[in-house]
Amino acid sequence: MKKILALIFALIGWFAVIMQYQLMLEDSKFTFLEMTIQFFSYFTILTNIIVAVYFTSQLGKNPQQIEIQEL
């Protein structure tokens, strides 16, 4: 059950980050480099990336390791 939730949250997190980046690319009047720097300057984007990385890392662990971290 925990792996399923981790998978769902990881997919939602990565989907949100990728879609936001794509939307910013489409509507940008800046160069690619300027827009990329601007994208990563938002604290919300950085937080979403950290959350997505965390849940993605939970997918690679076996259930005993996940249980130990919760204690």
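The values are calculated or read from the model by the stated rules, or taken from the named source; none is laboratory data. Note that the coordinates shown come from a computational prediction; the quantities given were computed from them, not determined experimentally. Cβ: placed from backbone, ideal geometry, glycine included. Neighbour counts: every protein chain shown. Areas reflect the complete protein model, heavy atoms only, side chains present, ligands, DNA and RNA absent. Shrake-Rupley method; radii C 1.70, N 1.55, O 1.52, S 1.80 Å.
Brief remarks follow.
- Within the set 33, 25, 59, the sole residue that is open to solvent by 90 Å² or more (accessible area, probe 1.4 Å) and modelled with pLDDT under 95 turns out to be 33.
- Pairs where the first residue, in region 1-27, is basic (Lys, Arg) and the second is in a helix (DSSP H, G or I), C-beta under 6 Å, 6+ apart: 2/66
- Sole exception among (1) part of a helix (DSSP H, G or I); (2) modelled with pLDDT under 90; (3) open to solvent by 80 Å² or more (accessible area, probe 1.4 Å); (4) of a type outside the set (A, V, I, L, M) for residue 15, by number: (2)
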